[in-house]
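For reference, the structure is listed below as structure tokens.
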Amino acid sequence: MPKLKISRLALFSALSALTFAAPTKAQSVIGSGVPASTVSNSTERPIAFAEQAPATAGLVILMQSAALPDILALSPAERSAVEAAIASANFKGKTGSNLELRGIGSRPLIMLAGASQPDKAGPDDEGPDWKSAAGSAVQKLMTQDTELALVGPPDAAGMAEAALGLDLGQYRFDRYQTDVETAPASQKVTISGPQASAAQALWNSRHKHLADSVKLTRDLQSEPANTLYPQSFVDRVSAAFKGVPNIRIEILNEAEMRKMNMGAIVGVGQGSPRGSRMMVVRYTGGSGAPLALAGKGITFDTGGISIKPNKGMWAMKADMSGAAAVMGATLSLAKSRAPVNIVAVAALAENMPGANAQRPGDVVRTYGGKTIEILSTDAEGRLVLADAVQYVADRYKPFALVDIATLTGSVGRALGDQYGGLFAREDEIANRLLKAAEDSGEHLWRLPLHPAYAKAVRSDIADVKNSGVTDAPGASAGAHFIGYFIDESMPWAHLDIAGVDWNNSAKPLTPKGASGFGVRLLDRLARDWTAE
């Protein structure tokens, strides 16, 4: 067969027509299971504030040491009995320690919960950890059939922090269980102290919104993929923002993204009958350019043609944790009327090995015109973010951009479940994120974004390749890939949260399961950093 002479321009045009224009797919999905909107989690204990603890309530005492707090209203006999128990158990009040007592006075129980942090030495570790103490205690008393009273924090800030910890600690995702054991909704927790009114105001104006936003994020992470997919994610988040002032929402469907040459995100989702979406939420509460937050939103990741093994694949329902986190943080900021400007983008797709799925070896073109060689369809998170970060930078002109994603297994192997990975080109944004991490309690560890690693993601036939990197650590290669699509003049950081999005065992503020990691961190960052 004779050789044909084809110009590079003609060849690229033909390739574009074949690769970047997937056929339109029906949006109806057969066998989608129980609609998420028809079910809810079991009722959590309501939170109230009062100067005096109810006399008949079980008492939870948050303690900084072995000494009972002065504000505690116990009779001399009760106090003496509790102090004897403290001495007998050698209870020191350390964070994470609990001592449950019964048969003292008329109260159904007395629990001591440690709030001191003597073994830590960070910027936020100078005072008591009221959040963790309250969260740990409420988890142990989750199904206790009695009203509870919490005492210990001496001021309004401490009382509101305890309420936040209590609300986060009592979270559960049990909406699909039919035999849930739960305390009656009437069994509230009253946080008691001399500044109850001020604490109530602080809780209502800020902390409650943060707690609700973290819980929404955990709900999204926990939903099975037959009820949560790109469009239902959009519906759930849009409903959460309904009625919230100063919010504008933009939704791009597949046809619109295809017209904008968003070949990376469209390519990831083209093997699924559930169309990809890009959701942009803008909150305007201040002045100046916005801070941009971009989240990976793979509602289920089979790996596509480069399919994953079955073991552990169920956890890929939470591969949209980054998208959930940026929406949760924005919701918290908006509902608390924070004086900031935010634009959050969720890049949503379902990665399935369908008949029309993209293949290893394909080349796709992104929103900004740059091209990507697909060497593994299981390196899909960086693909959807490539279009998302270019779009948000071009359309919304942010002063800085932070992306967050469950991107690589490498980061989990490096840092375990205690730290998210932080990558940044500039020290300023890295330091801001590290401070926000310490202040919020969602910890980060900075990893190398060495220039030498940038060469490793270059492709032989396109601009960059999404996998097959041998000359750079996996997490660093993923960060460099995303950074390739962000102008070097833009302050940017990448957060890889693949090791901290899901808990295999309970922690004080994060029960077993979805963690909601990133909401408190990004909320704190945005409050402390606005355009100059």
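The values are calculated or read from the model by the stated rules, or taken from the named source; none is laboratory data. All values derive from a computational prediction rather than experimental measurement. Reconstructed Cβ throughout: ideal geometry from the backbone, glycine too, with neighbour counts over all protein chains shown. Side chains included, ligands, DNA and RNA excluded: accessible areas come from the protein's heavy atoms. Shrake-Rupley method; radii C 1.70, N 1.55, O 1.52, S 1.80 Å.
Of all residues being basic (K, R) and assigned to a helix (DSSP H, G or I) in the range 242-273, which is surrounded by the most Cβ atoms within 10 Å (Cβ to Cβ)? Just the residue, please. Even if it seems obvious, please write down each step before you answer.
At the first step, the residues of the range 242-273 found to be basic (K, R) are 242, 248, 258-259.
Of the ones still in play, those that are also assigned to a helix (DSSP H, G or I) are 258-259.
Numbers: R258: 19, K259: 9.
Of everything passing the filter in the range 242-273, R258 is surrounded by the most Cβ atoms within 10 Å (Cβ to Cβ).
Please verify whether V345 is in contact (Cβ under 8 Å) with a residue 40 or more places away in the chain and crowded, with 24+ Cβ neighbours inside 10 Å, treating the condition exactly as stated. Break it down stepwise before answering.
Values: in contact (Cβ under 8 Å) with a residue 40 or more places away in the chain: yes; crowded, with 24+ Cβ neighbours inside 10 Å: yes.
Spelling it out, V345 is indeed in contact (Cβ under 8 Å) with a residue 40 or more places away in the chain and crowded, with 24+ Cβ neighbours inside 10 Å.
Which of the residues spanning the range 284-301 are assigned to a loop (DSSP other than H, G, I, E, B) and open to solvent by less than 10 Å² (accessible area, probe 1.4 Å)? Talk me through it step by step, then tell me what you get.
First, pick out the residues of the range 284-301 that are assigned to a loop (DSSP other than H, G, I, E, B): 285-290.
Correct list: P290 only.
Just give me the residues in the range 68-80 being touching a residue at least 24 places away in the same chain (Cβ under 8 Å) and under 16 Å from G93 (Cα atoms), in sequence order.
If the condition is that a residue be touching a residue at least 24 places away in the same chain (Cβ under 8 Å) and under 16 Å from G93 (Cα atoms), then P69, L72 are the ones that fit.
Of the residues A81, A87, A73, A121, only one is among the hydrophobic types (A, V, I, L, M, F, W, C), farther than 15 Å from L150 by Cβ and modelled with pLDDT under 90; which? Please lay out each step first, then the result.
Values: A81 fails: modelled with pLDDT under 90; A87 fails: modelled with pLDDT under 90; A73 fails: farther than 15 Å from L150 by Cβ.
Just one listed residue meets the conditions, A121.
Can you go through A355, A324, A386 and tell me which one is under 30 Å from F173 (Cβ atoms) and either part of a loop (DSSP other than H, G, I, E, B) or touching a strand residue (DSSP E or B) at 6+ places or on another chain (Cβ under 9 Å) (or both)? Spell out how you get there, then give the answer.
Details: A355 fails: under 30 Å from F173 (Cβ atoms); A386 fails: under 30 Å from F173 (Cβ atoms).
Of A355, A324, A386, the one residue that is under 30 Å from F173 (Cβ atoms) and either part of a loop (DSSP other than H, G, I, E, B) or touching a strand residue (DSSP E or B) at 6+ places or on another chain (Cβ under 9 Å) (or both) is A324.
List the number of the failed condition for D460; all other conditions in (1) surrounded by fewer than 20 Cβ atoms within 10 Å (Cβ to Cβ); (2) touching a residue at least 24 places away in the same chain (Cβ under 8 Å); (3) not in a loop (DSSP other than H, G, I, E, B) hold.
Looking at each condition in turn, D460 falls short on (3).
In the list A211, A156, which residue meets the criterion of being aliphatic (A, V, I, L, M) and surrounded by fewer than 22 Cβ atoms within 10 Å (Cβ to Cβ)? Spell out the reasoning first.
Details: A211 fails: surrounded by fewer than 22 Cβ atoms within 10 Å (Cβ to Cβ).
Of the residues listed, the single one that is aliphatic (A, V, I, L, M) and surrounded by fewer than 22 Cβ atoms within 10 Å (Cβ to Cβ) is A156.
Pick out the one residue from E373, E350, E380 that is in contact (Cβ under 8 Å) with a residue 24 or more places away in the chain, buried (at least 24 other Cβ atoms within 10 Å of the Cβ) and touching a Lys or Arg at 6+ places or on another chain (Cβ under 6 Å). It would help to see each step written out before you state the result.
Values: E373 fails: buried (at least 24 other Cβ atoms within 10 Å of the Cβ); E380 fails: touching a Lys or Arg at 6+ places or on another chain (Cβ under 6 Å).
Only one candidate qualifies: E350.
Would you check which residues across the range 139-150 are over 22 Å from the mean Cα position of the chain (by Cα) and open to solvent by 10 Å² or more (accessible area, probe 1.4 Å) and list them?
Filtering the range 139-150 down to residues over 22 Å from the mean Cα position of the chain (by Cα) leaves 140-150.
Listed by number, the residues that qualify are K140, M142, T143, Q144, D145, T146, E147.
So which residues in the range 83-108 are part of a helix (DSSP H, G or I) and under 21 Å from S136 (Cα atoms)? Give the derivation first.
Keep residues of the range 83-108 that are part of a helix (DSSP H, G or I), which gives 83-89.
Passing the criteria: A85, I86, A89.
Pairs, please: C-beta under 6 Å, at least 6 apart or cross-chain, first residue farther than 30 Å from I191 by Cβ and in the range 205-233, second crowded, with 24+ Cβ neighbours inside 10 Å and among the acidic types (D, E)?
Y229/E350
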